[in-house]
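To start, the structure under review is shown below, and the notes come after it.
The values are calculated or read from the model by the stated rules, or taken from the named source; none is laboratory data. Quick caveat: nothing in here was measured; it's all calculated off a predicted structure. FYI the Cβ positions are ideal-geometry reconstructions off the backbone, even for glycines, and counts take in every protein chain you see.
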Amino acid sequence: MTPPLTPATPQTPPLVSREAKQFERNSAKKRVLDAFLAGHDWLVVAASNAVPVTTARRVAAKGSIEQQPRGGVRTACIKMTVEVMSKLEEYLDEQADMTMAVMKDRLLSDLLVDNMALRF
């Protein structure tokens, strides 16, 4: 006689921490990079390690698995520093009809501002 069948309780997998997932992703990227540097077929390694092709290409092109910094203010987003703004106000207080070209020249001479940074 066989024992009666009981419904099996579903088993949930244990939760994996964010750090563990990140470690596994970085390890997979490292394997892709190692295969690329060794001259092996790194796309096959990427596919077998579930690394997206775009990520594998980026890792191979950069030669590194380091990620770019996230957040913060890029220097391209900063339009004008407080020092430059106050200088411009000072120039306009001195001479209200000063042209942009003259202000640009004065900023270049007074503050040693990079010529490429000044775009009016």
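The residues of region 4-29 that are of a type in the set (Gly, Ala, Ser) and at pLDDT below 75 amount to a single one, Ala8.
Screening Thr81 on (1) at pLDDT below 90; (2) among the polar types (S, T, N, Q); (3) surrounded by fewer than 10 Cβ atoms within 10 Å (Cβ to Cβ) shows it passes everything except condition (3).
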